[in-house]
Structures are given as C-alpha cells and as structure tokens.
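First the structure, in the form of structure tokens, and then the observations on it.
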Amino acid sequence: MIAAVGPIEAAVVWLNDPLNWTNPGGVLDRIGEHLSMSAAAVVLGCLVAWPIGLWLGHTERGGGLVVLVANLTLAVPTLALLTILPLTFLGFGRPAVVVALAVFAVPPLLANAYTGVRQVDPEARDAARGMGFSGWQLLRRVELPLAVPYLAAGFRTAAVQVVATAALASFVNGGGLGQIIRAGFGLDIAAGGGQILAGGLLVAGLAMLVELVLALVERLATPRPLRTRGRRAGRRAADAVTGT
C-alpha cells in the first residue's frame, strides 16, 4: 500500500502507525536517546565554554582567542568529528557523539559568555570596585548576574543546534532519531522514502519544540529590566564571533 503512494503520504502513514512509536527502538525510544545525548553534549559544552568566556570577559582580554576558538570549532564539520573520534579511545557509540556535539556547542556558549560580561556597564564595575569588591566578587555578584540574558541566549542557540545536528549520531551507532532516517536508507525508495521523510520531520519538530521551550524558559528566567538586553544578545554575540 505504501509503495503506491508518494513520500509525503508514506511519511504520514508511517507516523500514524502506533507500532512505530511504541515498539522497542521506536520513535519514543529514539526521542529519549536523542534528548539525552543532546543534553549531555550541551552540559559538557557549558562546563568548558562558560568558565573560559566569563573569565576572559572579566579580564577584558582574549577577544581574539574567543574569535579564533569559535571560528575553528565552527570550521570543523561535525560529521568529520563523528568519523574521527570513534577511532580514538572513545570508540563507537554515545561518548564519541557527545564529545563531537559538545565541540559544536562551544561557539555560541563561549561567544555569549564573553560578550555578556564585556557588555556590563563600566559604571557598575567602578561602583563595585569602589565598594571594595575583589575581582572574584565583581565577577560573581555584578558581572555574572548582568550577563544572564547572554548566557541564556547562548544556551538556547547551542541546544537547538545540537538537537538538530544529533541526527548524525546514527552514523556511529549513537542512536537517536537519526536511526530512523538511516534505517529508511536501507529500504527501497518506495518504502524507505516515507520513513526518511518522517525521520527528518521528527528531527525538525523536536528542534522547534526545544526552541520554543527554551525561549519560554529564557523569558521566565530573565528579569524584566534585562529582557531587552537578552533580545540583543544573539546579534551582539554573532558580532563578537565574526569580529565586527
């Protein structure tokens, strides 16, 4: 029956089949795998990028380093990393996928952390220093709170990018929704075309859902006076990466 219809109709049929959702290795299982490895990658990226970006912004040095690291990590294709990392001690599977996706998450996290601290009003810094704040106190009690909109915007950008890219994990047995697409390529075009399209729609839909949820969380977590800064965070971070 599916062979007699086009890929769009076949994708609708595939998505409407309850067994494709509930069977072991079905959509629900794959969504869980996809989100878990994406979350691990973003958290790893935060642990690496945020301390570096915040400290460089605080010391008002290293702008060139931020641009260099961001450009280098953007220049390395994620698929290339997914091909190389399994040949190391990480092996095939989730660890290699998480590391590769974390590298992909670093540029927006690093750039936004750096830019967020650099955009703090100099008068606020001077007032804190006048009150006797040490460098660490200045960063923790003044610069970090004011950089929250930028950190939230960077996290949101990184998370959406990672979720969208994590479909490539199937090439190294990493699981996730990409496994549905990969399985479709193993079928004939009449039967597999609908499954490939369905897998692509699931990845796109999940990425958009993550974007909407994180946009809401970002708005709720950002104090009202700082929301205007948050709306400009993405553009200014992009300027920091490109050096403009």
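All of the numbers you see were taken from the coordinates with simple rules; none came from a lab. If you're wondering where the values come from, they're calculated on a predicted model, not measured in any experiment. Note that each Cβ is placed from the backbone with ideal geometry, even for glycine, and that neighbours are counted across all protein chains shown.
The structure-derived value of Rg/Rh (Cα atoms, Kirkwood Rh) appears in the list (i) 0.94; (ii) 1.08; (iii) 1.06 under the label (ii).
Helices in the chain that qualify as membrane-span-like (whole DSSP H runs, Cα extent of at least 15 Å along the helix axis, mean Kyte-Doolittle hydropathy of -1.0 or higher) are 27-59, 63-75, 94-118, 148-165, 189-221. Protection proxy ranking for 50-61, 128-139, 35-46, using the average of other Cβ atoms within 10 Å per residue and placing the highest first: 35-46, 50-61, 128-139.
Listed peptides 215-221, 6-12 appear in the order 6-12, 215-221 once ranked by packing, highest mean of other Cβ atoms within 10 Å at the front. The packing ranking of peptides 105-111, 167-173, 69-75, highest mean first, is 105-111, 167-173, 69-75, where packing means the average number of other beta carbon atoms within 10 angstrom of each residue.
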